[in-house]
1. Are there chymotrypsin sites (Phe, Trp or Tyr not before Pro) in the stretch 40-135 that DSSP puts in a loop and that have at most 16 other Cβ atoms within 10 Å, and which ones?
2. List the trypsin sites (Lys or Arg not before Pro) within the stretch 62-118 that fall in a DSSP loop (any state other than H, G, I, E or B) and whose Cβ has at most 11 other Cβ atoms within 10 Å.
3. Which FRET efficiency value, to the nearest 0.05, do you get for LYS209 and ALA187 by plugging their Cβ-Cβ distance into 1/(1 + (r/R0)^6) with R0 = 25 Å?
4. Apply 1/(1 + (r/R0)^6) to the Cβ-Cβ distance of ALA43 and ASP87, taking R0 = 41 Å, and write down the FRET efficiency to the nearest 0.05.
5. Using unit Cβ charges (K, R positive; D, E negative) and no other charged atoms, how large, in debye to the nearest 20, is the dipole of the stretch 60-121 about its Cα centre?
6. Counting only the backbone N, which residues of the stretch 54-86 are under 17 Å from the spot 7 Å out from the Cα of PHE103 toward its beta-carbon?
7. Using θ = phi - 60° and the Karplus form 6.51 cos²θ - 1.76 cosθ + 1.60, what ³J(HN,Hα) does each residue of the stretch 161-175 get, whole Hz, x for Gly and Pro?
Amino acid sequence: MGTVGLTLPWKHRISTVRQDEELPRVEPSGREWQGSGAANAVADDAAMAAGCLAGELHAYERLYKVQGARMRNLARNLLGTQSDAEDAVQETFLKVQRSIASFRGQSSFVTWTFRILVNTCHDLRRSRTRRKEHSQEEAEDAMPRPEARAASAHPGLRMALERAIAELTEHQRSVFLLYEVEGFRHAEIAAMLEITETASKNTLFQAKKNLRVMLEPPRSAEA
């Protein structure tokens, strides 16, 4: 399995992770709903929704300008490559345009858009896995990847965390990235993934617990 390949600048360095410690929080790519800009963000969200519903091109352009980088970042983290991320974002905008009439305002327009993006990424990931499963297994059996050996010889925080995130379940990985990397609230994540806020919180807790276990250095026999 390939690494997740987080695209954000990392300011954290992992030392030993104790069982009672919190995992370091990843710097988000942007938070649209904090501070004094919250009211403006809500108004902008409503304006984009109204414009897209009316079929106005500038509304879609505004959506891409405001959320495009954030969407690419999340798609990159979910899919692992920039080219797949670009494909996912492009496909998402096509789906938004085709299904805009189904938007009922039960969540924010941005949340609705990201729900489509996450589902698109999951579909692309599953499709890619099915296509490459046999060839990847044959390649891995024939020749281990050099970068895997290098990572084992010289482990670092970023690569260790990327590999650990890649080992999470699809659901845990989505919640973790949406909350820790993209800075969405549990209410927004719940709307995107069509789960409850409690389920989002529990999934994040389990994801962190699993990451902590994977990142914890092996204990010596004496310990």
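Only the coordinates and a few stated rules stand behind these numbers; no lab work does. Just so you know, these numbers come straight off a predicted model, no measurement behind them. Positions of Cβ are generated from backbone atoms using ideal geometry, with glycine treated the same way; all protein chains shown enter the neighbour counts.
1. Hits after loop and neighbour filter: PHE103.
2. Numbers: sites: ARG62, LYS65, ARG70, ARG72, ARG76, LYS95, ARG98, ARG104, ARG115; in loops: ARG104.
Those satisfying the criteria are ARG104.
3. 0.65
4. 0.85
5. With only Lys, Arg, Asp and Glu charged at Cβ, the dipole is about 260 debye.
6. 54-72
7. Each residue of the stretch 161-175 in turn: 6, 4, 5, 5, 4, 5, 8, 5, 5, 4, 5, 5, 5, 5, 5 Hz.
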